[in-house]
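Trainee: Please see the structure below; I have some questions.
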Amino acid sequence: MLNTLRYVLDFRRLPMIAAAHRSLLWQFVKRSVSARYRGSALGLFWSFIHPLMMLCVYTFVFSVVFQARWGVDTDGGRGAFAIIMFCGLALFNIFSEAVNLNCGIVVANTNLVKKVIFPLEILPLSQTLATFAVGMVWFVLLFLGAVFVFGRVSFTMLLLPLILLPLFLFTLGVSFFVSSLSVYVRDTPYVVGVALQILFFLTPIFYPVSAIPERFRLPIQLNPLALLIEEARKVFLYGELPDWRFLGAAFLVSLLVLHLGFLWFHKTKKGFADVL
């Protein structure tokens, strides 16, 4: 028990593994990115086409068909709803895609699992890094959409990395957990898929938190993704500073999830070769 507690409190283990195998990590990140569109005619250009098409569709549906309004003073006209919604969708899509891909990352690399000297922690880490790297395209398009719709650029946009860091830590922690669990329970990808669908509607992507009745807000506000999405909208779209207390709490929760997931992965990886 004492050794387990020491392992959880040792925050240097994962950075030390990443630093010691940085060349290998870089190779796996490049492989993960290139494998996404291997064999397609447009290649990595699809990483721009997909979010661009979604942005166009959401803008048309919500600003033209439904003529929806978000309920905040953004001076963005009819396209404001689509841009604000797209911001939440960008963060959630990065999280859900990383978790989904990591569900089968260990099972798909059985040959590496059976190599004693291979650091298995590299697999979820590289996949998560690759997903975030490709996901940055969403924020490029979000920036262009915000400039076009709102007609302004705010210095608070530079604070977006402070939102993405806890998102990355939280995503990586969950990814460590599901990648390991999928080895022992092959139904994990299906359960994760359903859970992500439920989480999608429990996260304020298509609606603001203020639209939820007061008695139902607490479960939504306890969702780390909900907090990060709200703070991302503040700094990137509204030109406001984040709530540092909430952001600090989100960072601590994300760090805890990361180390619990990493601990789970470390404790269970010894049996991977036997199961696979």
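The values are calculated or read from the model by the stated rules, or taken from the named source; none is laboratory data. Every value quoted in this text rests on a predicted model; they were computed, and no experiment measured them. Reconstructed Cβ throughout: ideal geometry from the backbone, glycine too, with neighbour counts over all protein chains shown.
Trainee: Considering (1) under 19 Å from VAL33 (Cα atoms); (2) touching a helix residue (DSSP H, G or I) at 6+ places or on another chain (Cβ under 6 Å); (3) in a helix (DSSP H, G or I); (4) at pLDDT 90 or above, say which one VAL137 fails and leave the rest.
Mentor: (4)
Trainee: Condition (residue is in contact with a Ser or Thr (Cβ under 8 Å, 6 or more places away or on another chain) and modelled with pLDDT of 90 or more) applied to segment 243-260: is it met by at least one residue?
Mentor: No.
Trainee: Any residue at all in segment 217-236 that is among the β-branched types (Val, Ile, Thr) and assigned to a loop (DSSP other than H, G, I, E, B)?
Mentor: No, every residue in segment 217-236 fails to be among the β-branched types (Val, Ile, Thr) and assigned to a loop (DSSP other than H, G, I, E, B).
Trainee: Name the single residue, out of those in segment 202-216 being over 16 Å from the mean Cα position of the chain (by Cα) and outside any helix (DSSP H, G or I), that is farthest from VAL57 (Cα to Cα).
Mentor: By that ranking, first place goes to PRO213.
Trainee: GLY79 - would you say it is over 30 Å from ARG13 (Cα atoms), modelled with pLDDT under 75 and either surrounded by 14 or more Cβ atoms within 10 Å (Cβ to Cβ) or in contact with a Lys or Arg (Cβ under 6 Å, 6 or more places away or on another chain) (or both)?
Mentor: yes
Trainee: Given the conditions (1) part of a helix (DSSP H, G or I); (2) surrounded by fewer than 22 Cβ atoms within 10 Å (Cβ to Cβ), which single one is not true for PHE86?
Mentor: Here PHE86 clears every test but (2).
Trainee: So is LEU199 farther than 29 Å from ASN111 by Cβ and either within 17 Å of the chain's Cα centre (by Cα) or among the basic types (Lys, Arg) (or both) or not?
Mentor: For LEU199, the condition - farther than 29 Å from ASN111 by Cβ and either within 17 Å of the chain's Cα centre (by Cα) or among the basic types (Lys, Arg) (or both) - is met.
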